[in-house]
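Heads up, the thing below is written out as structure tokens.
The values are calculated or read from the model by the stated rules, or taken from the named source; none is laboratory data. Note that the structure is predicted; figures quoted are calculated from it, not measured. Note: ideal-geometry Cβ built from the backbone for every residue, glycine included; neighbour counts use all protein chains shown.
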Amino acid sequence: MDILAQAEGSGRTLTMVLFLATVAVTIGITIWGHRYTRTATDFHSGGRGFSAWQNGFAIASDYMSAASFLGIAGTIALFGYDGFLYSIGFLVAWLVALLLVAEMLRNTGRFTMADVLSFRMRQRPVRTAAAVSTLSVSIFYLLAQMVGAGALIALLLGIKEGETFLGMDAATAKIVGIVFVGLIMTLYVALGGMKGNTWVQIFQACVLVGGAAVLTIMVLGQYGFNVSNLLEDAATASGQGAAFLEPGLRYGVEVPGDAVQTMWNKLDLLSLGIALVLGTAGLPHVLIRFYTVPDARVARKSINWGIGLIGAFYLMTLVLGFGAAAIVGYEAITAQDKAGNTAAPQLAEVVGGDVGGSTLGSVMLAVIASAAFAAILSTVSGLVIASSSSLAHDLYNSVLRRGQASERQEVGFAKLASIGIGVVAIVLAIFAQNLNVAFLVGLAFAVAASANLPTLLLSLFWKRFNTSGALWGIYGGLIASLTLVVFSPVFSGAENSLLGEGVDIAWFPMSNPGLVSIPLGLLCAVVGTLTSDESDSEKFATLQVRALTGAGSERAVNH
Amino acid sequence: MTTSPDADGPPPEVSEADIAAMHDDPRFAELKRTLFRFIVPATFGFLAWYLLYVLLSAYARDFMGTVVFGNVNVALLLGLGQFLSTFGIAWGYSRYASRNFDPKAIELHDAVHYGEDR
């Protein structure tokens, strides 16, 4: 059964029209935001005037990517419970940001993560290191999202091998998708800055959560709102029975007769879990959102909004994933996409069709497709802002110009940087379009957890911490995660690795480096600190007073 | 609460030395204790609870597969428990901070910026 291919003619056109309409709204918002972006505070931090609910919606939008929506729903649809395990790590992680990072970051920094890291250190080397790590995380994450977006456009338009739509075959549609997403995200950032982009993200959060909510209610409605019946159907349809509702089909797989591989698989699950929970509070595009509110108290409230939205959303993906397993079925999902990324859109079409005929099926497909694009676009644009702010504020102004550049020059450079990052991301994504880059999301989280979070926490809480410690910590965590991934089975030596089975340089047995790279990053930071005599207790005193009381913190700007 | 930024405009600028001086104030030590009293146990608590959940998912699959009612098993309930505990800790922290931490933090912020007489 080939559901999406049946959505020819009117269905595809409807999907395109609804998708283009939501994009048109966001471009309108961006042009409006452009009029209010003058100072560096406007560009990097949206003027710091956003309220708790506004920033909360934008946080949710930044965070909920294609990986969290299509990826988790698809993993649940194909492997059952293990997809849910992923979303739990993604959600619990917000407590690290809430309890340990957000308020103190808001009180001590201005625009970037490096502001806090370099507060009591030598500026230029620490800012350089922080910019390198920010760019690495952003590029890995961007690449995964954009390659996914390309594949998604071809799939959502239902273009199969040998078919064309609007004169595009599947391969062309992929490239067009990548270029389109790249252009739109660059436009959001270069034109709208943080202010325009935040409003775009608020709108996109509504599209995403609204679309998912409507579909969730329709799925639950089919089961008379009895979740147990839905679970039973999903387990039966999967052919796995009760195992489908238990952990172990996707992560930490037990290989019969191979105790060593089983051990590594289970440690890999632990490694993934730890990187998910510690990575979020080190993601640069998440961190800079805390600068867009007037003070630390609003930052705290905005995370509560974010946690509520993200938590509710993941509960919906649980229903959508099991719903797709029960209603669409394994065969139909894997026929469209082996990784299951089209499970949610396929579910939308079938359930819509069951409730209100083929027209409602097409409408629901269009709604969920728009929600998926909103998820992708809001995440990539957040990453472009984070990396262009870091390039302009940390590398250009603080390192190259030694803090002498004017605000105008810094904002001008940031806009240019966003265009540069957009071009680099498009080119890399086109080169990588047929590679298996799904592991890059995990890598981004591993780098954030190994390089960024330890140094951030040590600089906020450890008096002795110094420049050498920050440099060792960032570079150590970054190099450790990268090296381990290059020599892991996701990179070479396995059937579905990046370089394929032909090349085999793998010696690290786990796909997720976190279990080793996070302690290693922390160890590097501590050793680096103790091997240097530098220590400034006066600056640490200032940092702590600022962090806890908000004295001397950056204020909101009024226009 | 003695200031509202909207009504009074931004507070007067202060030097780094003025800010650092507050560090030795006993009230600052008390402020720090108030914060750490919540965030330290809460952080260790939720990390341990999450780690326990992941360890059970990896090594106690028979237990996780125990059916509690209908088709709902322990794994699903523990997973939903992680959601509930996350919501609960976030809510509890906000309540604790706005009652116990914020008034003290605002008092010290104003003491740094406006001096003690306000």
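Computed quantities for the displayed model
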quantity	calculated
Odd one out for A:Leu484, checked against (1) assigned to a loop (DSSP other than H, G, I, E, B); (2) more than 14 Å from every other protein chain (Cβ to nearest Cβ); (3) within 23 Å of the chain's Cα centre (by Cα)	(1)
Elements of type helices (runs of 4 or more DSSP H) in region A:1-104, at least 3 residues being under 20 Å from the mean Cα position of the chain (by Cα) and among the polar types (S, T, N, Q)	A:52-63
From A:Gly252, A:Gly282, residue being under 30 Å from A:Phe111 (Cα atoms), buried (at least 23 other Cβ atoms within 10 Å of the Cβ) and of a type in the set (Gly, Ala, Ser)	A:Gly282
Identity of the residue in region A:537-553, of a type in the set (D, E, K, R) and within 7 Å of chain B (Cβ to nearest Cβ), that ends up surrounded by the most Cβ atoms within 10 Å (Cβ to Cβ)	A:Arg546
Residues of region B:91-118 satisfying the condition of being at pLDDT below 95 and over 16 Å from A:Ala296 (Cβ atoms)	B:Ala111, B:Tyr114, B:Gly115, B:Glu116, B:Asp117, B:Arg118
Qualifying residue in region B:68-86 (condition: at the interface with chain A (Cβ under 9 Å from one of its Cβ atoms) and loosely packed, with under 13 Cβ neighbours inside 10 Å)	yes
Check on A:Val176, of a type in the set (A, V, I, L, M) and at pLDDT below 90	yes
Region A:418-460: number of residues that are hydroxyl-bearing (Ser, Thr, Tyr) and within 16 Å of A:Pro519 (Cβ to Cβ)	2
Residue list for region A:1-48, filter: of a type in the set (Phe, Trp, Tyr), modelled with pLDDT of 85 or more and more than 24 Å from A:Ala371 (Cβ to Cβ)	A:Phe43
Of all residues making up region B:5-22, the number that are surrounded by 18 or more Cβ atoms within 10 Å (Cβ to Cβ), closer than 18 Å to B:Ile106 by Cβ and either free of Cβ contacts under 8 Å to residues at least 12 places away in the same chain or more than 9 Å from every other protein chain (Cβ to nearest Cβ) (or both)	0
Residues of region A:406-418 satisfying the condition of being among the hydrophobic types (A, V, I, L, M, F, W, C) and buried (at least 17 other Cβ atoms within 10 Å of the Cβ)	A:Val411, A:Phe413, A:Ala414, A:Ala417
Considering residues of region A:321-369 that are surrounded by fewer than 23 Cβ atoms within 10 Å (Cβ to Cβ) and acidic (Asp, Glu) only, the residue nearest to A:Tyr86 (Cα to Cα)	A:Asp337
Any hit, region B:109-116, residues being surrounded by fewer than 20 Cβ atoms within 10 Å (Cβ to Cβ) and not in a helix (DSSP H, G or I)	yes
Residue match in region A:78-89 (condition: touching a Lys or Arg at 6+ places or on another chain (Cβ under 7 Å), surrounded by fewer than 24 Cβ atoms within 10 Å (Cβ to Cβ) and within 11 Å of chain B (Cβ to nearest Cβ))	yes
Test for A:Val293: is it within 12 Å of chain B (Cβ to nearest Cβ) and either surrounded by fewer than 24 Cβ atoms within 10 Å (Cβ to Cβ) or not aromatic (Phe, Trp, Tyr) (or both)	no
Leading residue by the ranking (surrounded by the most Cβ atoms within 10 Å (Cβ to Cβ)) among those in region B:23-61 that are at the interface with chain A (Cβ under 7 Å from one of its Cβ atoms) and β-branched (Val, Ile, Thr)	B:Val54
Hey, A:Gly306 within 18 Å of the chain's Cα centre (by Cα) and surrounded by fewer than 24 Cβ atoms within 10 Å (Cβ to Cβ) or not	no
Yes/no for A:Gly476 being free of Cβ contacts under 8 Å to residues at least 60 places away in the same chain, buried (at least 22 other Cβ atoms within 10 Å of the Cβ) and more than 19 Å from A:Asp268 (Cα to Cα)	yes
Qualifying residue in region A:529-536 (condition: closer than 30 Å to B:Pro11 by Cα and within 14 Å of chain B (Cβ to nearest Cβ))	yes
Which listed residue is crowded, with 17+ Cβ neighbours inside 10 Å and either among the aromatic types (Phe, Trp, Tyr) or within 14 Å of another protein chain (Cβ to nearest Cβ) (or both), from A:Ile288, A:Ile274, A:Ile202	A:Ile274
Yes/no for A:Leu347 being in contact (Cβ under 8 Å) with a residue 24 or more places away in the chain and over 30 Å from A:Gln240 (Cα atoms)	no
Among residues of region A:524-559, those that are part of a loop (DSSP other than H, G, I, E, B) and polar (S, T, N, Q), counted	5
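For (1) of a type in the set (D, E, K, R); (2) assigned to a helix (DSSP H, G or I), each residue gets a yes or a no:
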residue	(1), (2)
A:Gly224	no, no
A:Glu232	yes, yes
A:Ala243	no, yes
A:Gly252	no, no
A:Trp264	no, yes
A:Gly279	no, yes
A:Pro294	no, no
A:Ser302	no, yes
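Condition check ((1) among the hydrophobic types (A, V, I, L, M, F, W, C); (2) at pLDDT below 95) across all residues:
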site: A:Ser398; (1), (2): no, yes
site: A:Arg402; (1), (2): no, yes
site: A:Glu410; (1), (2): no, yes
site: A:Leu443; (1), (2): yes, yes
site: A:Ala448; (1), (2): yes, no
site: A:Leu456; (1), (2): yes, no
site: A:Gly477; (1), (2): no, no
site: A:Val486; (1), (2): yes, yes
